[in-house]
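S.K.: This structure is in structure tokens; I'll ask about it shortly.
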Amino acid sequence: MCRPPHTGKPIMADVAENTFLTDVKTLRERAKKAIEKGALTPAYQGNVQTAIDLLQTVVATELVCVLRYTMHSISVEGITSESVAAEFATHAKEERAHMMWAAARIDQLGGVPNLSPEGLATRSASEYGNGGNLVEMVRQNLVAERLVIEHYRELIRYFADHDPTTRIMLEKILAEEEEHATDMHDLLVAHEGRPFLES
């Protein structure tokens, strides 16, 4: 392993020259203050209330997706319905995990996640949809996934470096939503022989 040439200065002196780093003593003092704020420290650069409000839409959106996928997994019929129902059920489980991540982040920011059924549809970016035949259900889910993909991309751009914890969480959710959209697209092609949403 190559080592940089020794300058004769102590390593801590090099660290001290990096003015973007806060000294440990100051960090310790800050940590002791306002402990009622939990994980929220003075270094947080975002608007806390705006972050909570935006995450409430994520909670509602994911909860609506859980309900839609669950309803579809129960009501789907047809020759291949068993495998499609299993796919819908898996997506419902993953959407619930997304909802829990967003709810936990709201809690970390000092808010209370809104899981009330009252007004749920108006807080959600996605729609509950309805039943129908297998292909119609797949279409509803594909459209919903495409919608949340765009919505979460916008949220990721908003949070950027001001709230990297929330951004990273949303990036993880986005990656899974893109997988869901691919799954729904593949199911649609398998049952119709062509994509529903063509470029």
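S.K.: Dipole size in debye (nearest 20) for region 111-199 around its Cα centre, Lys and Arg Cβ +1, Asp and Glu Cβ -1? Intermediate values should be presented prior to the final figure.
M.R.: On the way: 8 positive and 17 negative charges, 35 e Å.
Value, rounded to 20: 160 debye.
S.K.: Which aspartates and glutamates have a Cα lying under 13 Å from the Cα of Lys93, excluding residues fewer than 8 positions away in the same chain?
M.R.: Output for Lys93: Glu62, Glu176, Glu177.
S.K.: Express the relative contact order of region 40-182 as a whole percentage, based on alpha carbon pairs under 8 Å and six or more residues apart in sequence. Please report the intermediate quantities before stating the final value.
M.R.: Working: 165 pairs, mean separation 43.5, N = 143.
Normalised by residue count, the contact order of region 40-182 is 30 percent.
S.K.: Run the reach check for Lys25 against aspartates and glutamates, Cα to Cα strictly under 18 Å, same-chain hits fewer than 8 apart removed. What comes back?
M.R.: Excluding near neighbours in sequence, the set is Asp14, Glu17.
Every number here is computed from the coordinates shown, using simple stated rules; none is lab data. Bear in mind that the values here come from a model prediction, so they are computed numbers and not experimental data. All Cβ positions, glycine included, derive from the backbone under ideal geometry; neighbour counts span all protein chains shown.
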